[in-house]
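Enquirer: If you scroll down you'll find the structure; I have some questions about it.
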Protein chains: 2
Amino acid sequence: MGIVAVRLKDIADELQLSVVTVSKVLQNYRDVNAETRRRVLEKAQELGYRPNYVARSLVMQRSATIGMVLPHLRHTFFQEVYQAIAAKASPKGYSLLIAISQEDPDQEAREIDHMISRQVEGLILASTRPYTAGDFLEPLEKRNLPLLLLDREFANYDAHFVGTDDVELGRFATAHLIEQGCTRIAHLRGPDVSTAIARVEGYRTELAAHKLTRHPHYVAGGTGDDEAGYWAMKSLLKAKPPPDSVFCYNDPVAAGAMKAVLDSGLRVPQDVAIVGAGNMHYSDLFRVPLTTVDQRSAEVGAQAADLILDLAERGSTTSATHKRGRRPKRVLVKPTMVIRESSRRKR
Amino acid sequence: MGIVAVRLKDIADELQLSVVTVSKVLQNYRDVNAETRRRVLEKAQELGYRPNYVARSLVMQRSATIGMVLPHLRHTFFQEVYQAIAAKASPKGYSLLIAISQEDPDQEAREIDHMISRQVEGLILASTRPYTAGDFLEPLEKRNLPLLLLDREFANYDAHFVGTDDVELGRFATAHLIEQGCTRIAHLRGPDVSTAIARVEGYRTELAAHKLTRHPHYVAGGTGDDEAGYWAMKSLLKAKPPPDSVFCYNDPVAAGAMKAVLDSGLRVPQDVAIVGAGNMHYSDLFRVPLTTVDQRSAEVGAQAADLILDLAERGSTTSATHKRGRRPKRVLVKPTMVIRESSRRKR
DNA sequence: CCGGGTCAAGAAAACGTTTTCGCCAAATAA
DNA sequence: TTATTTGGCGAAAACGTTTTCTTGACCCGG
């Protein structure tokens with residue numbers, strides 16, 4: 001019972017050779033006779049030999065594995081980033097070990113520990129923690145294990161980062177609404193993570209640049225899902241005067257907000273223009289096709305893959321080298337507007 | 001440079017002990033002095049020791065890893081299944097190694113080989129192959145490695161399977177349209193995989209049960225995405241007589257179909273009623289909220305997790321034991337209707 | 001004083017590889 | 001002929017664990 005595996009030794013025994021010679025054939029060493037090589041390859045084929053990467057990892061001190069710890073897989077953003085990373089890592093022989101923290105910081109810490117134990121050569125982390133890093137990163141530092149923060153960064157911790165330029169995202173969305181003639185622009189912000197904070201900043205900056213006043217009640221919060229968007233929008237509509245437009249933290253929030261507006265008998269975009277973010281799949285098929293800011297997730301993924309693979313191959317570093325003067329990389333991908341019906345006021 | 005790790009030996013050296021004793025402490029063996037145990041635990045904490053699972057896997061002949069090979073992550077189905085599996089596997093100490101075949105059979109075969117080399121204890125495969133298994137499963141059989149087919153099964157190969165009851169799905173959708181008074185019911189089928197074939201079967205069975213004729217042109221094919229749905233629907237609308245309703249392979253196809261209908265100036269559901277499948281996130285926010293058949297993906301994932309973990313723990317089997325008389329398990333999850341506007345003809 | 005038992009620790013073997021080094025025979029050069 | 005190189009192969013060590021077996025010290029009862 002159990003799994004039966006063919007080892008180098010099995011090939012060696014059958015051919016009256018040593019494991020060393022067999023190994024050498026498979027590693028393409030030159031100091032082995034052509035005829036011997038042929039016989040080994042033939043036998044390996046015949047027995048269906050597959051190398052044992054666990055053993056190889058141990059002796060070579062290289063797992064060829066990249067770990068990813070994500071809060072969830074709900075948004076297309078993480079899926080597409082994941083696909084982009086997989087597409088780059090696989091041809092280089094790297095495997096991807098994935099863990100989901102379920103938005104739970106303790107679970108996140110456990111999964112990170114687990115990744116360490118699995119000897120990953122690099123770790124991509126989209127942290128679920130509210131904006132600030134704790135000492136849960138210490139084990140990574142101690143081991144000098146390459147860390148790449150994805151999408152969300154920490155205010156008090158310098159690490160390599162790849163994500164969307166969220167300040168720009170906020171500015172783009174807001175500028176677009178202004179351009180459409182909106183003046184009472186509200187914002188449904190997300191939870192207390194860097195992306196949400198940066199989007200608020202972009203929103204404010206752009207309003208200020210156009211000398212538009214911010215009604216104090218025009219920024220409402222939530223957990224970042226459609227449920228939250230629905231209820232936040234419901235209450236926003238009761239403000240006096242009510243907003244004529246809203247920039248939402250992401251597409252799910254925008255979807256909820258749209259539902260709230262339509263349920264209230266108001267029209268989109270005539271009464272309330274809506275802009276989301278993330279360009280979720282099929283958001284063009286919403287009741288009113290949704291204007292959104294595309295985060296170019298595939299590009300984010302590609303950048304993340306390039307960086308983490310580079311770090312892994314060079315055997316750098318969480319933050320140790322930063323302290324020796326080298327700055328961590330910070331890659332911000334510029335978002336792009338995708339304009340659809342939900343915000344089109346001008347014809 | 002490179003990653004620096006703390007080993008058992010480091011702890012042992014500092015405390016003038018042998019690795020054996022240190023290992024025993026961490027494995028909770030009883031034959032070690034209480035004071036020694038305390039010192040070891042303290043030192044392990046101090047040095048930030050994390051066990052090396054690669055070494056442990058090698059000696060214990062247990063990787064505690066489950067592999068998943070999926071065609072892609074686009075549909076919410078796979079995401080939710082993945083999440084459900086992760087939720088069950090993680091508490092049991094299993095990690096998930098994921099690979100994406102990109103719908104490419106060769107890539108799929110490579111990824112399977114890779115999983116073998118990584119010594120996974122069980123493999124979940126949603127194959128991209130058109131309905132029939134090839135000899136690419138031979139390495140799995142040879143090693144007696146537990147295989148679980150997810151979502152899509154093979155006609156000519158008996159293996160454990162967990163997925164949606166797709167025949168029922170096709171019947172449910174069709175029956176619902178009949179109930180709404182539709183008579184010219186078309187079907188936009190998916191690619192040549194078992195799920196699509198089964199859905200067609202359900203569709204035909206239900207039509208026959210109601211003695212409804214099938215217009216030969218009423219089944220149109222495609223690749224299963226919204227693009228395909230759009231063009232297939234476009235041409236379906238030119239049929240004489242045109243269908244008054246359509247059951248679509250999945251929600252993306254339905255989304256494309258809806259777009260085609262609306263673009264043609266027709267109304268949903270009055271002129272053409274539409275039913276999708278999969279209950280994609282936010283399909284209730286479509287231009288016309290989409291009626292769909294929910295595949296209960298979380299339940300599928302939970303079942304898949306239970307089965308593969310059970311197989312892995314018991315060290316069974318691809319198909320070897322099947323031949324010894326034990327039948328592979330076949331778990332079919334019953335889908336449920338989610339009725340929304342796109343199909344509601346009766347008030 | 002001896003035999004048995006208990007307690008605490010370590011030595012050795014094992015897991016499947018890779019790599020370095022050494023060995024021997026045959027071929028080549030001097 | 002002798003010295004040197006070359007070609008082909010294997011022995012041994014290493015990677016970080018876990019497990020089994022052994023050892024030695026100590027205590028207790030007879």
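The values are calculated or read from the model by the stated rules, or taken from the named source; none is laboratory data. Predicted, not measured: the structure shown is a model, and the values here were computed from it. Note that each Cβ is placed from the backbone with ideal geometry, even for glycine, and that neighbours are counted across all protein chains shown. Please note that ligands, DNA and RNA were not included when accessible areas were found on the heavy atoms of the full protein model with its side chains. Shrake-Rupley method; radii C 1.70, N 1.55, O 1.52, S 1.80 Å.
Enquirer: Nm distances between the label at A:Val59 and the same-position labels in the remaining copies, 7 Å along Cα→Cβ, shortest first?
Expert: 1.8
Enquirer: Just the number, please: buried accessible area between A and B, total of both chains, 1.4 angstrom probe, nearest 100 square angstrom. Each step should come with its number before you reach the end.
Expert: Values: alone 17580 and 17600 Å², together 29380 Å².
Chain pair A/B: roughly 5800 Å² of buried accessible area.
Enquirer: Between B:Ile339 and A:Ala87, how high is the FRET efficiency from 1/(1 + (r/R0)^6) when r is the Cβ-Cβ distance and R₀ = 22 Å? Nearest 0.05.
Expert: Numbers: r = 39 Å, r/R0 = 1.75.
With R0 = 22 Å, the Cβ-Cβ based efficiency is 0.05.
Enquirer: Which percentage, to the nearest 5, of the DSSP beta bridges contained in chain B is antiparallel?
Expert: Values: 3 of 35 bridges.
Among the beta bridges of chain B, antiparallel pairing accounts for roughly 10 percent.
Enquirer: Mind giving me the FRET efficiency for A:Arg327 and B:Lys211? R0 is 60 Å, r the Cβ-Cβ distance, nearest 0.05 is fine.
Expert: Details: r = 74 Å, r/R0 = 1.24.
FRET efficiency, A:Arg327 to B:Lys211: 0.20.
Enquirer: Report, in cubic angstrom per residue, the convex hull volume of the C-alpha atoms of the stretch B:8-50. Before the final figure, lay out each step's value.
Expert: On the way: hull volume 2.5 nm³, N = 43.
Expressed per residue, the convex hull around the Cα atoms of the stretch B:8-50 is 59 Å³.
Enquirer: Also, I was wondering about something else. Compute the accessible area per residue over chain B, keeping the other protein chains in place, probe 1.4 Å, unit Å². Walk me through the numbers on the way to the answer.
Expert: Values: 14700 Å² over 347 residues.
In whole numbers, chain B has 42 Å² accessible per residue.
Enquirer: Run the label-point distances for B:Ser235 please: 7 Å along Cα to Cβ, every other copy, nanometres, shortest first.
Expert: Once sorted, the set of distances for B:Ser235 reads 5.3 nm.
Enquirer: Still on this model: Using helices alone, I'd like the mean residue ellipticity at 222 nm for chain B: each DSSP H run of four-plus residues gives -39500 (n - 2.57), total over residue count, nearest 500.
Expert: Details: 13 runs with 147 residues, N = 347.
So the calculated ellipticity at 222 nm is -13000 deg cm²/dmol.
Enquirer: Another question, then. Can I get the semi-axes of chain A's equivalent ellipsoid? Compute them from the C-alpha gyration tensor as square roots of 5 times the eigenvalues, in angstrom, largest first.
Expert: Equivalent ellipsoid of chain A: 51, 21, 17 Å, largest first.
Enquirer: In addition: Inverting the mean 1/r over all pairs of different Cα atoms, compute the Kirkwood radius of the stretch B:118-256 and quote it in Å.
Expert: 16.3
Enquirer: Just to confirm the filter: which trypsin sites (Lys or Arg not before Pro) across the stretch A:1-101 are DSSP coil and have at most 13 other Cβ within 10 angstrom of their Cβ? Working shown, then result.
Expert: Details: sites: A:Arg7, A:Lys9, A:Lys24, A:Arg30, A:Arg37, A:Arg38, A:Arg39, A:Lys43, A:Arg56, A:Arg62, A:Arg74, A:Lys88, A:Lys92; in loops: A:Arg7, A:Arg30, A:Arg62, A:Arg74.
When the trypsin sites (Lys or Arg not before Pro) of the stretch A:1-101 are filtered for loop state and at most 13 Cβ neighbours within 10 Å, A:Arg30 remain.
Enquirer: Tally up the carbon and sulfur contribution to the accessible surface of the protein assembly as shown as a whole percent, 1.4 Å probe, everything protein left in place.
Expert: In the protein assembly as shown, the share of accessible area belonging to carbon and sulfur is 49 percent.
Enquirer: Something else: Quick one: which residues, 5+ away or cross-chain, put their amide H under 5 Å from the amide H of B:Val333? H built at 1.01 Å from N.
Expert: Hits under the 5 Å cutoff: B:Gly163, B:Thr164, B:Asp165.
Enquirer: If you don't mind, another one. Would you mind giving the mean number of other chain beta-carbons within 10 Å of the Cβ of each residue in B:256-263, as a whole number?
Expert: Numbers: counts 2, 0, 1, 3, 0, 0, 1, 0.
The per-residue average across the peptide is 1.
Enquirer: With a cap of 16 neighbouring Cβ atoms within 10 Å, and only residues DSSP puts in a loop, list the trypsin sites (Lys or Arg not before Pro) found in the stretch B:212-258.
Expert: Working: sites: B:Arg214, B:Lys234, B:Lys238; in loops: B:Arg214, B:Lys238.
Here the sparse-neighbourhood loop sites are B:Arg214, B:Lys238.
Enquirer: Sticking with this structure for a sec: Using every alpha carbon pair in the stretch B:1-72, what percent of pairs falls into each 10 Å bin from 0 up to the bin containing the largest distance?
Expert: Whole-percent P(r) values from 0 Å outward: 17, 42, 26, 9, 5, 1.
Enquirer: I've got another one for you. Treating the point 7 Å from Cα along Cα-beta-carbon as the label, what are the nm separations from B:Leu266 to the other copies, to one decimal?
Expert: Label-point distances to the other copies, shortest first: 3.6 nm.
Enquirer: Based only on Cα atoms, what mean projected area does the convex hull of the protein assembly as shown have, in nm²?
Expert: Working: hull surface 147.0 nm².
If you wrap the Cα atoms of the protein assembly as shown in a convex hull and average its projections, you get 36.8 nm².
Enquirer: Evaluate E = 1/(1 + (r/R0)^6) for B:Arg30 and B:Ala55, where r is the Cβ-Cβ distance and R0 equals 25 Å; express this FRET efficiency to the nearest 0.05.
Expert: It comes out at approximately 0.60.
Enquirer: Counting every Cα pair in the stretch A:49-160, what percent are over 19 Å apart? Walk me through the numbers before you get to the answer.
Expert: On the way: 2835 of 6216 pairs.
Tail fraction, whole percent: 46.
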